[in-house]
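The values are calculated or read from the model by the stated rules, or taken from the named source; none is laboratory data. Bear in mind the structure is a predicted one, so any value in this text is a computation, not a measurement. For neighbour counting, all protein chains shown are included, and Cβ atoms are generated from backbone atoms with ideal geometry for every residue, glycine included. Just so you know, the surface numbers come from the protein's heavy atoms only, side chains and all, with ligands and any DNA or RNA stripped out. Shrake-Rupley method; radii C 1.70, N 1.55, O 1.52, S 1.80 Å.
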Amino acid sequence: MLGSFVRILLFVGIVSVATWGAYRLMEDGGSVYVNVAGFEYALTPLAAALALLLAFLVLAIFFKIAGLIVAVYRFILGDETAISRFFNRSRERRGFDALTRAMTALAEGDGKTAKAKAAKAERLLERPDLTRLVTAQSAEMSGDADKARRYYKALAEERATSYVGVKGLIELAQADGDEERALKLAQQAYQLRPKDAWVLDNLYTLQSRSFDWRSARKTLSEQRRAGFLPKPEANRRDAMLALAEAEDAEELGQTEHARKLAVEAAKLDPVNVDAVATAARHLVEAGSKRAANRLITHAWQYRPGPQLAAAFAAIEPDETPDQRVKRFKKLFDVKGTGTEANLVRAELALTVEDWGGARRAMAKLDEEEPSARSCAIMAAIARGEDEPDAVVRGWLARALGAPRAGDEGSVLDHAAMLPLLVGDQAEDPEDQMANTSRKKETPEAEDAETAEDSETPMEKTA
């Protein structure tokens, strides 16, 4: 709209200036003398201006005729397209101008102008190999998905432009949420450009979303070999895919295959505690406790935490608390410092009623803000050391409002100890608070409740 208004103003301005100039020339009473071949001609200023314009017009016609003569001469010499090129030159020039404007509009994000100029270029040039892509992109930008799809399909059918067409169709399918079609197109693009980074990344993403873990792992391997992903990141993704495939295999009853995949995932990424814990569980079920021990011990040095501790405890579920504390020394020998290691150390101390050891472990924490887990542990320590109920309730109240997320990003249980460390009957802080705040109705009830409170959490779960 603005462009049309500017063009109208420009036309009116040119006409106004020309009219003003002609008027001034007519008012001028002088003469212009032209001497040609010994003859002298006297012209008025207006006639002289018109003669000058006529001379330019004759000169332009002369050059056109000369060009036509040259084209005919080239045609006689064997150039069969010389004459057609001569007549189409102006048309092509206007077509290329329109194509240039369309590409500029695309870069500027003006989809409407791009679409109009692309249509003009297509009409003037009659070169679909040049105009289809711009037309498709301009139609897509302007919101005409059907037209864009038609042109991308036409591009996909031509060998020289097949990749560009398929890529455009993939993007349209993804925009429509049709991931099944997008996956088929991505596989087609992979056949065209198997080493292209964009193709491999989209194929990997679409295969993962369709839960085709095996194919996604193959694509990930291609990305790693091509150097598109650093090895640590590739291993991290591969471990996640292998773990997902292991879970599917386990659901199908393929126990041995699931175990191999879980172990592979744990070795690819020891920091992935889900993979390590799953692999350890499979190894224990298969009777390979020593291998499970090695796997968890190796992972513990990278990322100690409650999930690994629970998996380590599950290797020997029937051992006594003293035996468990002794066996866990192997993990602490590998890495016994840090918040998570000290929390596990404190939980183990609670299982053997080593209140002092638990308190010393808690004193080594470097938490900026006490977590729900550490507050619950302190509540258990306070109860074990026969501190007043007000102290226990205070810690439990803080546990209810404290952050629940640990450094592993998982929501941790409020219980003072991990279920697999002390059994499954660990009392939730909300229940403990309710119990400790319950009013005592009779002296006998008070004595009974005091005796019950004196029981440690370990005795309750023994």
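Side notes on the structure shown:
- Given R0 = 60 Å, the distance between the Cβ atoms of Thr19 and Thr297 translates into a calculated FRET efficiency of 0.05.
- Extension gain for Lys231-Ile61 works out to 54.2 nm (0.36 nm per residue, less the C-alpha to C-alpha distance).
- Each residue of the stretch 101-108 is assigned a 3J(HN,Hα), and the resulting list reads 5, 5, 5, 5, 5, 4, 5, 7 Hz, derived from the Karplus form 6.51 cos²θ - 1.76 cosθ + 1.60 (θ = phi - 60°), x at Gly and Pro.
- Simple spin-label estimate for Glu368 and Phe211 in nanometres, 7 Å along Cα-Cβ: 3.9 nm
- Sulfur and carbon atoms: percent of accessible area, the stretch 240-331 [1.4 Å]: 49 percent
- Hypothetical label at Lys112: residues of the stretch 138-155 whose amide nitrogen lies under 14 Å (7 Å Cα-Cβ projection): 142-144
- Stretching the chain fully between Glu353 and Ala397 yields a gain of 13.6 nm (0.36 nm per residue, less the alpha carbon separation).
- Qualifying lysines (Cα of each under 21 Å from Cα of Lys195; at least 8 residues distant if same chain): Lys167, Lys184, Lys218, Lys231
- For the pair Arg181 and Glu385, label points projected 7 Å from Cα toward Cβ lie 6.8 nm apart.
- Karplus-derived 3J(HN,Hα), 6.51/-1.76/1.60, for each residue of the stretch 359-372, Hz, glycine and proline x: 5, 5, 5, 5, 5, 8, 5, 10, 6, 5, 9, x, 8, 4
- Per residue accessible area in Å² of the stretch 94-213, where ligands, DNA and RNA are left out and the probe is 1.4 Å: 55 Å²
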